[in-house]
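Asker: Here it is: the structure, laid out below.
The values are calculated or read from the model by the stated rules, or taken from the named source; none is laboratory data. The structure displayed is predicted, hence computed values, not measured ones. Here the Cβ positions follow ideal geometry from the backbone for every residue, glycine too, while neighbour counts run over all protein chains shown.
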Amino acid sequence: MKLLQERIVKDGNVKNGNVLKVDNFLNHQMDIGLFNEIGQEFKRIFSDLKINKILTIEASGIGIACITAQYFNVPVVFAKKAQSINIDGDVYSTKIESFTHKKTYDVIVSRKFLSKEDRVLIIDDFLANGCALAGLIDLVRSAGAKVEGIGIVIEKGFQSGGDMIRSMGVRLESLAIIDSMNAEDGSVVFRN
C-alpha cells in the first residue's frame, strides 16, 4: 500500500534494536483518514472471505480493527492482556510474549465472544516475531472457530514472524513489508 509506505518514510522513526516508531500516526496518535484507507484495503484484500468477526489484541490493534470492521459490518473482539472484574464467566487463555515490551502476557477472550460458528479475521498493527499472532490463532482454535485470514499493517519481513505464521497455513496479508531498516540514517527498505 503505497500511501502507507510513504507515511512510514515521512513520519516513521527507526530506532536501534529494530524498532520502528510510528506513534504519531498509527499506534499512539491515530490518523483516522489513513485508518479508513487501511480498512478499505483490508476489505478489498479479504472480500472473498465470509468473515463474521474481527479479532485483535489490546491496545494498538483496536483502532485499526474497528475501522476495518465498518467495511465488513461485523463486530470486533479484542483479547485482553489482564483479567478484570468485568469479564464474567469462562475465558479462552494463552500466553503471548511482546516484542515491543519484552514481557509475557496472559491474554484472554471471554468464551461468550468466540464460538465454533465464528469465521475470524485477525487484524493487528505490527508483525515482528509472530508471538502475538500465534497466541491469537491459538485463542480462535481453542474456541473451535476458524481463522480465515490475518491482516497486518506493517510486517518486519527481516524477522521470523511472517514466515512462521505462513508456515502454519494461515492466509497472511501485510500492507507494508519492511525488508530492512537502518537506525543510523533512518532509512527503510520495503519489499515489492
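Asker: Of all residues in region 33-61 being of a type in the set (A, V, I, L, M, F, W, C) and at pLDDT below 95, which is nearest to residue 146 (Cα to Cα)?
Answerer: Ranking the candidates gives 57 first.
Yes or no, residue by residue, for (1) assigned to a loop (DSSP other than H, G, I, E, B); (2) free of Cβ contacts under 8 Å to residues at least 60 places away in the same chain; (3) touching a Gly at 6+ places or on another chain (Cβ under 7 Å):
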site	(1), (2), (3)
6	no, yes, no
10	no, yes, no
30	yes, yes, yes
34	no, yes, no
39	no, yes, no
44	no, yes, no
48	yes, yes, no
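Asker: Those residues that are in contact (Cβ under 8 Å) with a residue 40 or more places away in the chain and within 16 Å of the chain's Cα centre (by Cα), I need them from region 12-28; list them, please.
Answerer: 20, 22, 26, 27
Asker: How many of the residues in region 138-180 are within 21 Å of residue 115 (Cβ to Cβ) and assigned to a helix (DSSP H, G or I)?
Answerer: 5
Residue-wise test of (1) at pLDDT 95 or above; (2) under 30 Å from residue 37 (Cβ atoms).
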position: 74; (1), (2): yes, yes
position: 84; (1), (2): no, no
position: 90; (1), (2): no, no
position: 98; (1), (2): no, yes
position: 104; (1), (2): no, no
position: 109; (1), (2): no, yes
position: 112; (1), (2): no, no
position: 118; (1), (2): yes, yes
position: 131; (1), (2): no, yes
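Asker: Okay, moving on. Every residue in region 40-64 that is of a type in the set (A, V, I, L, M), out of contact with any Asp or Glu (no Cβ under 8 Å at 6 or more places or on another chain) and buried (at least 16 other Cβ atoms within 10 Å of the Cβ), please.
Answerer: Scanning region 40-64 gives 54, 55, 62.
Asker: Scanning for something over 20 Å from residue 105 (Cβ atoms), surrounded by 19 or more Cβ atoms within 10 Å (Cβ to Cβ) and within 11 Å of the chain's Cα centre (by Cα), does region 119-126 turn up at least one residue?
Answerer: yes
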